[in-house]
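These notes concern the structure reproduced below.
The values are calculated or read from the model by the stated rules, or taken from the named source; none is laboratory data. These numbers were taken from a predicted model, which means no experiment stands behind them. Every residue, glycine among them, receives a Cβ derived from its backbone with ideal geometry; neighbour counts consider all protein chains shown. Heavy atoms of the whole protein, side chains included, go into the accessibility calculation; ligands, DNA and RNA do not. Shrake-Rupley method; radii C 1.70, N 1.55, O 1.52, S 1.80 Å.
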Amino acid sequence: MHTLMQCLWRLRMIGAVLLLAVLAASLAPPTSAAEPDEEIGQAVGTVDADTWRQVKSGENFIDSRHDSTYNLINPSGETWRQIRNEWVSPAGLIAIGGMLTVLVIFYLVVGRNDLDHERTGRKILRWTAFERSLHWTVATLFIALSLTGLNLLYGKFVFRHVFGDVFWANMIMGSKLIHNYAGPVFGILLIVILAKWLKVNLPKKHDWEWFKQGGGMVGDKHPDAGFANAGEKVWFWLLASVGMLVVVSGFVLDFPIFGQTRDNMQWANMFHGVTSLILMTVALGHIYIGTLGTEGALEGMATGYVDETWAKQHHNLWYEEVKDNAGQPQQSDPPVGDDTATAHRPN
Amino acid sequence: MAQMKFLCDAERCIECNGCVTACKNANETDWGIQRRRVVTLDDGKPSEVSISVACMHCDDAPCMAVCPTDCFYKTDDGIVLHDKDICIGCGYCLYACPFGAPQFPKEEAFGERGKMDKCTFCAGGPAETKEEEYEKYGANRIAEGKLPLCAEMCSTKALLAGDAQTISDIFRQRVVYRGHEDGGWSSVEKAQMSGPDVSANLDEMAYDATRATREG
Ligand code: HEM
Ligand code: SF4
Ligand code: SF4
């Protein structure tokens, strides 16, 4: 019995001593810097090319930024930068500059499309008050969006150097605010105007003939046209397609609160840039034809009435329908209702 | 002139987020803005690896190239800064940035972005007074001759900040010491080198060829 107790006591002593030794060893400061072999042994698993490939893929990672969906490497960012800065931006300048040049040359060489005959003085209602206010509101917004949009794309190359930092800061901030708030209004009104003018813009057989004769822009030919000629129809369908793309991509950029990703935004921006530049370029043509290019056209959208001669020359099929209504413009208030005017609009 | 850079040694980073906290504290950034973040791959697996990221102060910075307001500029030390008085919060810099560095306080109507905020390499930004600078951009430690606080605080010295040549020298030295055959980013297995071999060749292998010209 006695010897057994002694044995246990000894065992306990040995245990305690061993424990102390282990503790001491683990607490003792390292005597020298880690040996290379040890460092190799302790290092994290190899960080190799596959690791960095995985970083790029954006998969299987966690991020200490609580709401971050941005993977570490954003490979499409540089692509987007190249496309925007090297292609979209110069192409836009070429397109808009080219269009302006063509229009100036066209005006100098061919000149205005005048009326072939004397005005009769008898007026025909073409655009109701509602349509005119719709047109001019959309047009004003369009011009505001174009100028502010162009400022976002090209302004920095000019205005900061010319007017200095403070002016530029206010100018570009104003541009962004106008652009971001006018955009959605433009989008909604564009849909209203497209719906309103859809019927008269459906393509017809005679439109093809109109194209073949170049719309009668050069020379004395006057191809058949209904309420809207084929050229106007093209502008309509361009707004309905490309115009709607501008609006949709604009919405994606405008409200970054629906979980759009960074990649969505890059796409939206490229679409928005390309489509809006196409629209602006063609709009220059539209503005030219509506003002300097055609005698009597602006009058129609300004007052609502066109001269009988103008109607016969530019929209003969429509004229045939409505000539019986020609007369003095009613100055009465309220102006002619929408329904009266749109009743006779063969396209 | 120095070219300031960050370098994060992913084999040392232990995902402690000390850098994130240090940054937040030094710069007192807005609510929701966290200029530095730690990204972890394969979390919980043996192959787990972490890396701390913020703005990397790119040489050919994509953010600068796309900004519609041209509000970015580069300091003589190669630090990319921006002017919040000119920024319009359009988000283009974020679309272009390789590292998701730009962030925006979402304060205004319809989720309209506020002024962009990103890491300044603790170099502040353009302002009339020191107080205004601190308010808008956070600390300007560079002006005081100090390096960014995140790197200064890093407990494992995984995150390095400083002149590109200096910190890459440090990193190269580590890489050789660990026994990678040709550089930290190579896919080779760690070379089977023994201690004395490495120690003997350390200096020679760790420094790049430009060192002689730089110092001589
Ligand atoms: C026809 C009318 C429009 C034109 C001509 C136009 C033009 C432009 C242009 C040129 C840019 C600059 C692109 C760049 O810098 O890469 C831009 C940006 C932008 N546009 Fe438009 N745009 C139009 C309509 C809209 C609409 C309808 C919306 C919204 C519903 C919109 C929202 C935006 C947004 C959000 C941006 C980004 C800039 C910022 O957030 O400050 N745009 N636009
Ligand atoms: S914000 Fe992004 S793109 Fe700009 S310098 Fe920093 S890391 Fe580079
Ligand atoms: S958010 Fe500010 S800094 Fe970024 S691109 Fe737009 S204007 Fe420039």
| Qualifying positions in segment B:1-20 - closer than 27 Å to B:Pro105 by Cα and either out of contact with any helix residue (DSSP H, G or I) (no Cβ under 8 Å at 6 or more places or on another chain) or without any contact (Cβ under 8 Å) to a residue 12 or more places away in the chain (or both) | B:Cys8, B:Glu15, B:Cys16, B:Asn17
| Search result, residues across segment B:103-156 that are β-branched (Val, Ile, Thr), touching a residue at least 24 places away in the same chain (Cβ under 8 Å) and closer than 15 Å to B:Asp83 by Cα | B:Thr120
| task | State yes or no: is A:Glu86 part of a helix (DSSP H, G or I) and touching a helix residue (DSSP H, G or I) at 6+ places or on another chain (Cβ under 7 Å)? | result | no
| Residue in segment A:138-145 that is open to solvent by 80 Å² or more (accessible area, probe 1.4 Å), modelled with pLDDT of 90 or more and within 30 Å of A:Gly327 (Cα to Cα) present | no
| note | If we keep only residues of segment B:76-98 that are within 6 Å of ligand 3 (Cβ to nearest atom) and in a loop (DSSP other than H, G, I, E, B), then the residue nearest to the other protein chains (Cβ to nearest Cβ) is B:Ile88
| Cβ-Cβ under 6 Å pairs, at least 6 apart or on other chains, segment A:170-195 side at pLDDT 95 or above, far side open to solvent by less than 20 Å² (accessible area, probe 1.4 Å) and not in a helix (DSSP H, G or I) | A:Ile172/B:Thr69; A:Ile172/B:Ile88; A:Met173/B:Ile88; A:Lys176/B:Ile88
| message | Consider segment A:235-253. How many of its residues are within 14 Å of chain B (Cβ to nearest Cβ) and buried (at least 20 other Cβ atoms within 10 Å of the Cβ)? | response | 3
| request: Give just the number: which of (1) within 16 Å of ligand 2 (Cβ to nearest atom); (2) assigned to a helix (DSSP H, G or I); (3) of a type outside the set (Asp, Glu); (4) surrounded by 14 or more Cβ atoms within 10 Å (Cβ to Cβ) does A:Thr79 not satisfy? | output: (4)
| field | Candidate set: segment B:47-75, residues that are out of contact with any Ser or Thr (no Cβ under 7 Å at 6 or more places or on another chain) and part of a strand (DSSP E or B); chosen: the one farthest from the other protein chains (Cβ to nearest Cβ) | value | B:Lys74
| Any chance segment A:172-185 includes a residue that's of a type in the set (A, V, I, L, M, F, W, C) and more than 16 Å from ligand 3 (Cβ to nearest atom)? | yes
| said: Condition (residue is of a type in the set (D, E, K, R), more than 20 Å from the chain's Cα centre (by Cα), more than 11 Å from ligand 3 (Cβ to nearest atom) and surrounded by fewer than 17 Cβ atoms within 10 Å (Cβ to Cβ)) applied to segment B:107-123: is it met by at least one residue? | reply: yes
| said: Considering only segment A:302-322, I want to know if a residue exists there that is modelled with pLDDT under 80, among the aliphatic types (A, V, I, L, M) and more than 31 Å from the chain's Cα centre (by Cα). | reply: no
| task | Report yes if some residue within segment A:174-191 is in a loop (DSSP other than H, G, I, E, B) and out of contact with any helix residue (DSSP H, G or I) (no Cβ under 6 Å at 6 or more places or on another chain); otherwise report no. | result | no
| field | Among residues of segment B:53-75, those that are open to solvent by 30 Å² or more (accessible area, probe 1.4 Å) and away from ligand 3 (no atom under 15 Å from the Cβ), counted | value | 4
